[in-house]
Amino acid sequence: MVTVEVDPERVESRLAAGEVRCPSCLEGVLVRWGFARPRPVAGLAEPVRPRRSRCRGCAVTHVLLPVSLLLRRAYLAEWIWAALLAKAGGSGHRPIARRLGVPASTVRGWLRRAGERLEPMRAWFVSVAVVAGVDVRVPPASGSRWVDALAAVAVAWVAITGRFGPSGVLGAVTAASVAVAGSGARLLSPGWPRVVLAVAPTPVGPDDPVSSV
């Protein structure tokens, strides 16, 4: 699975030009290989039909998923990100569900899945920030695992936009799109992340500001 921009015409253009590299062999380029099945997405008027691709070099196939979506989630990533932010702010799944117009059981599932990996998520996105940015400061510990995890995504967002600008190949860079692209759209998928670099939070001192998202 490869994260690509939302505009399908731009995706087709980049595939035709050989601009999409294979994430499996890192040397071959991806070419068009049919489509995945259409999938309805809450928040979009039309179903999404992701392009399938195949590497010219290693012959591995990949689904090209828009950066607006997470793997196997039928809701826009911005909605899911809003739910995670609300949880970090102290809201429960029922108020969040009412605010988003999403079933409470669905929001509860998002929060449960994210809550199972908050520390690995924090460490993963701090490592993304360190690789992408310059003089990145690890966010101070806040006392809330939710706040710390989402603050790490925010730091990665700042590092990426600070170095490369507010837009890139995949379009406008938002915290939600960083969460999608940085996790390979697997933010809430089982087994993600497989390997996490150990990155300790900066201790909170008497004069240290508490990190917020």
Check: If you scan the stretch 23-55, which residues turn out to be of a type in the set (A, V, I, L, M) and either surrounded by 15 or more Cβ atoms within 10 Å (Cβ to Cβ) or touching a residue at least 24 places away in the same chain (Cβ under 8 Å) (or both)?
Finding: VAL29, LEU30, VAL31, ALA36, VAL41, ALA42, LEU44, VAL48
Next item on the list: Determine which single condition TRP110 fails, assuming it passes every other condition in (1) in the same structural domain as VAL11 (by TED's automatic domain parsing); (2) within 14 Å of the chain's Cα centre (by Cα).
Entry: (1)
Next item on the list: Scan the stretch 9-29 for residues that are assigned to a helix (DSSP H, G or I) and among the hydrophobic types (A, V, I, L, M, F, W, C) and jot them down.
Entry: VAL11, LEU15, ALA16
Checklist line | Given (1) among the acidic types (Asp, Glu); (2) in contact (Cβ under 8 Å) with a residue 24 or more places away in the chain; (3) over 30 Å from ALA141 (Cβ atoms), number of the condition GLU9 does not satisfy | finding: (2)
Item checked: Criterion (surrounded by fewer than 14 Cβ atoms within 10 Å (Cβ to Cβ), over 19 Å from the mean Cα position of the chain (by Cα) and hydroxyl-bearing (Ser, Thr, Tyr)) met by exactly one of SER105, SER91 -> SER105
Note to self: Taking the condition of being of a type in the set (Phe, Trp, Tyr) and surrounded by fewer than 20 Cβ atoms within 10 Å (Cβ to Cβ), how many residues in the stretch 108-154 meet it?
What the structure shows: 0
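Every residue, every condition in (1) free of Cβ contacts under 8 Å to residues at least 40 places away in the same chain; (2) under 26 Å from ALA42 (Cβ atoms), yes or no:
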position	(1), (2)
LEU84	no, yes
ARG98	yes, yes
VAL107	yes, yes
TRP110	no, yes
PRO120	no, no
ASP148	no, no
Check: Conditions: (1) modelled with pLDDT under 95; (2) surrounded by fewer than 21 Cβ atoms within 10 Å (Cβ to Cβ); (3) more than 18 Å from ALA88 (Cα to Cα). ILE160 meets all but one. Number of the miss?
Finding: (2)
Margin query: Need the failing condition index for LEU71 against (1) in contact with a Ser or Thr (Cβ under 7 Å, 6 or more places away or on another chain); (2) assigned by TED's automatic domain parsing to the domain that holds CYS25, just the number.
Written below: (2)
Note to self: When you check ALA141 against the structure, is it farther than 22 Å from GLY43 by Cα and hydrophobic (A, V, I, L, M, F, W, C), yes or no?
What the structure shows: yes
Note to self: Just to be sure before I move on: is LEU84 under 19 Å from ARG186 (Cα atoms), touching a Lys or Arg at 6+ places or on another chain (Cβ under 9 Å) and surrounded by 14 or more Cβ atoms within 10 Å (Cβ to Cβ) in the structure I sent?
What the structure shows: no
Margin query: Give me the residue from the stretch 169-213 that is of a type in the set (Ser, Thr, Tyr) and surrounded by 20 or more Cβ atoms within 10 Å (Cβ to Cβ) and, out of that set, modelled with the lowest pLDDT.
Written below: SER211
Next item on the list: Select from the stretch 121-165 the residues that are hydroxyl-bearing (Ser, Thr, Tyr) and within 22 Å of GLY184 (Cα to Cα) and list them in ascending order.
Entry: SER127, THR161
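The values are calculated or read from the model by the stated rules, or taken from the named source; none is laboratory data. This is a predicted model, so every value here is computed, not measured. Counting neighbours? That spans all protein chains shown, and the Cβs are built from the backbone with ideal geometry, glycine included.
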